[in-house]
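Undergrad: I am attaching a structure below and will ask some questions about it afterwards.
The values are calculated or read from the model by the stated rules, or taken from the named source; none is laboratory data. The shown structure was predicted, so the numbers you read here are calculated from the model rather than taken from an experiment. Cβ coordinates were reconstructed from backbone atoms using ideal geometry, including for glycine residues, and neighbour counts include every protein chain displayed. Please note that ligands, DNA and RNA were not included when accessible areas were found on the heavy atoms of the full protein model with its side chains. Shrake-Rupley method; radii C 1.70, N 1.55, O 1.52, S 1.80 Å.
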Amino acid sequence: MDPAFLTIAELNRLYDQRELSPVEVTRSLIDRIAAHDGKLHSFIRVTPEIAVAEAQTAERELMAGRRRGPLHGIPYALKDIVETAGIPTTGHSKLCEDYVPAADAHLVTLLKGGGAVLMGKLATWEFALGGPSWDLPWPPARNPWNPDYLPGGSSSGAGAAVAAGFVPGAVGTDTGGSIRGPAAVCGIAGLKPTYGRVSRRGVFPNTFTMDHCGPLTRSAEDIAFFLQVIAGFDAEDPGSEDVPVPDYRAALSGRGRLDGLRLGLVEHWYAHGAHPDLPPAMAAAVEVLRGLGAVVEPVQLSSLRDYTDCKTTISIAELYAIHEKDLKTRPQDFGRILRNRVLPGALIRAEDYVQALRWRAVLAREQAVALKRFDALLTAGALNVADRADPNQPDRLVSSPSITMPLSVGGLPALAVPCGFSGAEGLPLSLQVAAAPMAEPTVLRIAHAYQLATDWHRRHPDLH
């Protein structure tokens, strides 16, 4: 049995039935990566010896009836800004090309404790912001649906590796959309949890006040499995929230009905200027949700431009603070795109930063008021399909409004899942579901019900 596109839930069931073993799955995926990643560049570093050793340990424990949790024996990979003891963590940057951490990030400790199997470190945009870049030690990752296109960013390798069937799950990070964007354009699921739900200790910072870590998988159900292991309070992360971790998988029980749920549709964010196939795909997704019993009504929030400008002002000020020393002492070691994105932070006045933080509070309150009327918010996961892999493409990060940034400003849990394909390019389109802080169970329930009623997440690229 080829495990390439089995979900985490399916792997668990097959492990329990002794029809597949962690070692078989791990070796098969190592071979698949070796055969196909040469054209996708999703991995910066594959760790086959570590993977096989961890799979052997997991297999012995599972055979003895000792299950450590929902990721026991499940292969995964890490965005290469997540520190791993004894394994280089580069940030996809020349500045950290030889950096080998002494300790694991907190979430890696949790994954190891849960018996998960580390397959390697994944491509990213430089320090999770500067990319896609062609002037770095490693090439940018490509989209498995068509390698002439990109897999989004900045968790680019994570989106590509999961979509390509190299791993059933990966850890990415999301400050303005860096989990949800790759999930959207690669046709998989990606969750930005509530701010403070997953520890960021041992993860290279991007924007202190908006950084999140979260999973990318092939389904909402698998997101629940993954989140169960990595969520929780970490006293050494100052942004961590001391809130009990619920049983996320329990939220998926039932018959996939959404009776009584009220969903606010933020249609005006994607009604104009988006890919022409997106509004019809969203309309079809809304009808599926209505058919499952949900009440879907329009809701008006501030413009994407407002949210993007607020988030960007805060981000570039914090980014500059993070990278100031290296910018002054070794600017030549930055990729061109990251250098150009960070340097404007030197021009942000303290007054601008403070006013942007105040604006953020106003925008977050706007979302909180809407979520008193609705159980969740719906919108698109991305405004367009994947970008072409063109080194001469102009940098549109700030000039183009982002449909993922608003939910970063509010710190809300937000999940992107596939909802169709474009006609001309044959590339994935995506739906985004968000809810109040710590309401991940609601988000997962809605997305899982949608996926029980559709098969978009069951479609996979042909790497041959």
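Undergrad: Would you check if residue 247 is farther than 28 Å from residue 403 by Cα, in contact (Cβ under 8 Å) with a residue 12 or more places away in the chain and in contact with a strand residue (DSSP E or B) (Cβ under 9 Å, 6 or more places away or on another chain)?
TA: No: the conditions fail for residue 247.
Undergrad: Now for a separate question. Taking the criterion of being touching a helix residue (DSSP H, G or I) at 6+ places or on another chain (Cβ under 8 Å), of a type in the set (Asp, Glu), open to solvent by 30 Å² or more (accessible area, probe 1.4 Å) and more than 21 Å from residue 442 (Cα to Cα), would at least one residue in the stretch 349-364 satisfy it?
TA: Yes.
Undergrad: Still on this structure, please answer the following. Given the stretch 252-357, what helices (runs of 4 or more DSSP H) lie entirely inside it while holding 2 or more residues that are closer than 30 Å to residue 9 by Cα, modelled with pLDDT of 95 or more and of a type outside the set (Val, Ile, Thr)? Step through it out loud before you land on a result.
TA: On the way: elements: 278-291, 304-329, 336-342.
Result: 278-291.
Undergrad: Given the conditions (1) touching a strand residue (DSSP E or B) at 6+ places or on another chain (Cβ under 7 Å); (2) under 20 Å from residue 176 (Cβ atoms); (3) surrounded by fewer than 24 Cβ atoms within 10 Å (Cβ to Cβ), and given that residue 414 satisfies all but one, which numbered condition is not satisfied?
TA: In the conditions (1) touching a strand residue (DSSP E or B) at 6+ places or on another chain (Cβ under 7 Å); (2) under 20 Å from residue 176 (Cβ atoms); (3) surrounded by fewer than 24 Cβ atoms within 10 Å (Cβ to Cβ), residue 414 misses (3) alone.
Undergrad: Using beta carbons and a limit of 8 Å, which pairs, at least six apart or on different chains, have the first residue in the stretch 150-170 and surrounded by fewer than 24 Cβ atoms within 10 Å (Cβ to Cβ) and the second one among the basic types (Lys, Arg)?
TA: Filtered contacts from the stretch 150-170: 165/32.
Undergrad: Then there is this: Which of the numbered conditions does residue 405 fail, given that it passes all the others? Conditions: (1) in contact with a Lys or Arg (Cβ under 6 Å, 6 or more places away or on another chain); (2) open to solvent by less than 10 Å² (accessible area, probe 1.4 Å); (3) more than 16 Å from residue 215 (Cβ to Cβ).
TA: Among (1) in contact with a Lys or Arg (Cβ under 6 Å, 6 or more places away or on another chain); (2) open to solvent by less than 10 Å² (accessible area, probe 1.4 Å); (3) more than 16 Å from residue 215 (Cβ to Cβ), residue 405 violates only (2).
Undergrad: Within the stretch 198-206, is there a residue that is of a type outside the set (Ser, Thr, Tyr), open to solvent by less than 10 Å² (accessible area, probe 1.4 Å) and under 18 Å from residue 110 (Cα atoms)?
TA: Looking for residues that are of a type outside the set (Ser, Thr, Tyr), open to solvent by less than 10 Å² (accessible area, probe 1.4 Å) and under 18 Å from residue 110 (Cα atoms), one finds at least one in the stretch 198-206, hence yes.
Undergrad: So, one more: Does the stretch 117-149 hold any residues that are under 16 Å from residue 188 (Cα atoms), open to solvent by 40 Å² or more (accessible area, probe 1.4 Å) and in contact with a helix residue (DSSP H, G or I) (Cβ under 9 Å, 6 or more places away or on another chain), and which are they?
TA: Matches in the stretch 117-149: 142, 145.
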